[in-house]
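The values are calculated or read from the model by the stated rules, or taken from the named source; none is laboratory data. Note that this is a predicted model, so its numbers are computed, not measured. When we count neighbours, we look across all protein chains shown, and the Cβ atoms used for this are built from the backbone with ideal geometry, even at glycine.
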Amino acid sequence: MKLKTFLYPKSIALIGASRHREKVGFQILNNLIINGYKGKIYPINLNEKIILGLKAYKSVTDLKKADLAVVAIPSQFVAEEIKKCARKGIKNIIIISAGFSEVNAEGKAREMEIQKLAVKHKLNILGPNCFGIINTENNLNATFAKPKNKKGDIAFITQSGAIASAVLDWVQDKNIGFSKFVSLGNEAGLDADDFFEFFIRDKESKIVAAYLEEINDGKKFMEVVSRLVKVKPVAILKSGKTKAGASAAMSHTGSLAGSYEAIRTGLRRVGAIELNDLEDMFDLFLFLEKANKIKNNEIALVSNAGGPLVATTDLIENSNLKFSQFSEKLKKKLKNILPPVATIKNPLDIIGDADAKRYELALENILKYDSASSVIVILTPQTSTEIEKTALIIAKLSKKYKNKNIYTSFIGGESLKKAKLVLEKAGVLDFEFPNKIISSLSRAVFAKNGRKLKIYKSLDAKSTEAENKQLDFLRSIKILKSYKIPFVRTVKIKNIDDLKKIKYPAVLKVTGKNLIHKTEEKAVDLNLGNRAAAEKAFHGFKKLLEEKENYCIAQPMVRGEIEMIAGFKRDKSFGPILMVGMGGIYTEVFKDVQTEIDDLNPEREEDMLEKLKIYPILKGARGRDGVNLEMLKKVLTNLARLARERGEIQELDINPLILGKDEVMATDIRMII
């Protein structure tokens, strides 16, 4: 949808304008006026002739035209006003009014009527039950928020009116401004994707952030956000994390790739930053304003305190950041200015007796000669520490080395207040503890790398709507083999005589639609060395085999270096979520798995595997051979193709997938259709 006129209207009709201060219609009109909106404003009120100095009109039908209508009247009268707008040619409408699907069935029926009107007359409808919009470029504030708003380069979208109010209130005493601010409400017409699409070409918005409670069409979301990320950072705070993963799963893959994991995988696929809470969002706003200075993910860390330095080092080691390697030239210069007891390396401990001059010399040389684009400075008040003087030096260096970012963590209380004001005035970001720096900087680096990802295009088959059930084991094997995923030779055992058909050592299993965890239900017997052992195992399965749909299978005993799991779960919004990780009976205990969207490529396959904790073992560790990673990647590629093409399959897991030096072999399969 084209939203240029929606966000840049030259005239606004406010339906429900009021002269009573407690009314929303007054607050919106007042905001339009005091924020300096330059276009025409037409208050609509049945009884008033003048409101806040503006001529009032009884109906929109009395107007010659208007680019945007803002509706703030009781819900039962809204549909009729929408019809009037449509007849008048007003295509852009914001419905502030509440009392729709969020309250009861009657309200839902009203909302459905509005949806039909939007489609019938091709209207851009925002809401209902929304907070309104702000566009600081043209001084448009069509909300009932109290304050005036600072101009900035952050575009913010929210599905919650309460969050809208909280965010606008929070930024009042911060140096943060918005380019656009959009409250979506119930999304009867326009949704988040429509605005993401608009922000791709919006030059005023350099950063896009969103608070989302629902993502109804994950594929559409990924497609538009992957294009948006190409030109500017996108940060998403998604609510409902615990609730989303609460549904029961029918497979290992289902339990490990739940609904919220699907959302996280989708965000990661398109390069959007995942936020945990509003505090994360506000911290990130500050970092992303300086994101253009982040040339690499390298960090230099300088501290006068060993404890915080070690703790921060651990955080960096477990992030997507890394320490730069000091050159020999830089090491030599640092050696000349630091005490003999100092170890010359990154991270750099300049020792507890460091004064302002030592900070200055160390930082000057690092900023001048080191490759890191970000420098973190930790200071704790000690006997020799010159706190305010050090802050002044950092402020000076920040101004001198404009191509690099300096972040500080002055740890302490009362004695640091003046120094922190110095840093704030100089635009140096200071945090009470270093962990905030690491988390926000990691996200900023991730956002920068997101531009390298390919644009997402939906590829998978449509999911079928039916009750899920487990597919027959042998039929499942045939499907895997048709996609060139190797499976161990499997023979159905109907009676004792069939045991002469198999080779030993062997494995006997009972399979059936209700047997999910074979080990726990004693439905598998491994490493059977001869026929006598196999017969004993077969007799032991007697009770399980009494179930009508259960039957016994035999396989040769396959040995390898490691057992893995691979599979997918078809999320109703994001499509197939692929999963690979540590397999075997403890899959759900260790949860060493990685997930991906189904449009895999070699780079992302490699990245999936490298992020696994067991990756060093896969490569070869402790003198043992590594496994055949190329064959494993081929299995993942074929599994992704299967997921895209076979829409009837809702969940699939191969566990274990036996990996060896020369082969990869699936030995068990659970397929839910």
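Structure notes:
- Extreme residue, surrounded by the fewest Cβ atoms within 10 Å (Cβ to Cβ), among residues of the range 579-606 that are within 20 Å of M222 (Cα to Cα) and aliphatic (A, V, I, L, M): L600
- Residue that is farthest from A533 (Cα to Cα), among those in the range 466-514 that are part of a loop (DSSP other than H, G, I, E, B) and of a type in the set (V, I, T): I485
- Qualifying position, being surrounded by 20 or more Cβ atoms within 10 Å (Cβ to Cβ), under 16 Å from I236 (Cβ atoms) and not small (G, A, S), among L184, L168: L184
- Any hit, the range 642-655, residues being in contact with a Leu (Cβ under 8 Å, 6 or more places away or on another chain), part of a strand (DSSP E or B) and surrounded by 21 or more Cβ atoms within 10 Å (Cβ to Cβ): yes
- Looking across the range 493-512, just one residue is closer than 25 Å to V635 by Cα and charged (D, E, K, R), and that is K509.
- For beta carbons closer than 9 Å, sequence separation of 6+ or different chains, a first residue in the range 140-153 that is farther than 11 Å from I34 by Cα and not assigned by TED's automatic domain parsing to the domain that holds S205 and a second that is part of a strand (DSSP E or B) and at pLDDT 75 or above, there are no qualifying pairs.
- Residues considered: L578, L609, L600. Of these, the only one that is over 28 Å from K492 (Cα atoms), in a loop (DSSP other than H, G, I, E, B), aliphatic (A, V, I, L, M) and under 24 Å from the mean Cα position of the chain (by Cα) is L600.
- Residues in the range 272-288 that are surrounded by fewer than 18 Cβ atoms within 10 Å (Cβ to Cβ) and assigned to a loop (DSSP other than H, G, I, E, B): N276, D277.
- Top-ranked residue in the range 108-120 [being within 32 Å of the chain's Cα centre (by Cα) and not charged (D, E, K, R); ranked as nearest to P74 (Cα to Cα)]: I114
- Residue within the range 137-155 that is outside any strand (DSSP E or B), buried (at least 20 other Cβ atoms within 10 Å of the Cβ), at pLDDT 85 or above and within 23 Å of the chain's Cα centre (by Cα) present: no
- Residue that is part of a helix (DSSP H, G or I), closer than 30 Å to Y504 by Cβ and not basic (K, R), where the choices are V635, V558: V635
- A residue that is under 11 Å from the mean Cα position of the chain (by Cα), over 19 Å from M579 (Cα atoms) and modelled with pLDDT of 90 or more occurs nowhere in the range 247-262.
Residue-by-condition table, conditions (1) out of contact with any helix residue (DSSP H, G or I) (no Cβ under 6 Å at 6 or more places or on another chain); (2) more than 30 Å from V234 (Cβ to Cβ):
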| residue | (1), (2) |
| --- | --- |
| K345 | yes, yes |
| Y369 | no, yes |
| T383 | yes, yes |
| E388 | no, yes |
| A391 | no, yes |
| A395 | no, yes |
| K420 | yes, yes |
| L423 | no, no |
| K452 | yes, no |
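- The set of residues in the range 405-452 being crowded, with 18+ Cβ neighbours inside 10 Å, farther than 18 Å from E386 by Cβ and hydrophobic (A, V, I, L, M, F, W, C) consists of L429, F431, I437, I438, L441, A444, V445, F446, A447.
- Residues in the range 612-642 that are under 22 Å from the mean Cα position of the chain (by Cα) and without any contact (Cβ under 8 Å) to a residue 40 or more places away in the chain: L612, K613.
- Residue check for S409: within 24 Å of the chain's Cα centre (by Cα), farther than 30 Å from P602 by Cβ, among the hydroxyl-bearing types (S, T, Y) and not in a loop (DSSP other than H, G, I, E, B): no
- Just one residue in the set N336, N320, N365 is modelled with pLDDT under 95, assigned by TED's automatic domain parsing to the domain that holds L421, in contact with a helix residue (DSSP H, G or I) (Cβ under 7 Å, 6 or more places away or on another chain) and not hydrophobic (A, V, I, L, M, F, W, C); that residue is N320.
- Some residue of the range 101-120 being surrounded by fewer than 17 Cβ atoms within 10 Å (Cβ to Cβ), at pLDDT below 95 and among the β-branched types (V, I, T): yes
- Of residues in the range 559-578 being within 18 Å of F487 (Cα to Cα) and not small (G, A, S), the one surrounded by the fewest Cβ atoms within 10 Å (Cβ to Cβ): R559
- Residues of the range 420-437 that turn out to be in a loop (DSSP other than H, G, I, E, B) and touching a strand residue (DSSP E or B) at 6+ places or on another chain (Cβ under 8 Å), as a count: 4
- 1 or more residues in contact with a Lys or Arg (Cβ under 9 Å, 6 or more places away or on another chain): qualifying strands (runs of 3 or more DSSP E) within the range 1-119: 11-15, 40-44, 68-71
- Of the residues making up the range 197-220, those that are among the aliphatic types (A, V, I, L, M) and within 18 Å of the chain's Cα centre (by Cα) are I207, V208, A209, A210, L212, I215.
- Single match in K389, K399 (criterion: in the same structural domain as L334 (by TED's automatic domain parsing), within 38 Å of the chain's Cα centre (by Cα) and either surrounded by fewer than 17 Cβ atoms within 10 Å (Cβ to Cβ) or of a type in the set (D, E) (or both)): K399
- Among residues of the range 517-538, those that are in a strand (DSSP E or B), surrounded by fewer than 19 Cβ atoms within 10 Å (Cβ to Cβ) and in contact with a Pro (Cβ under 7 Å, 6 or more places away or on another chain), counted: 1
- Failed criterion for L618 (all others in (1) assigned to a helix (DSSP H, G or I); (2) modelled with pLDDT of 95 or more hold): (2)
- Single unsatisfied condition, K548 versus (1) within 20 Å of L471 (Cα to Cα); (2) part of a strand (DSSP E or B); (3) not polar (S, T, N, Q): (2)
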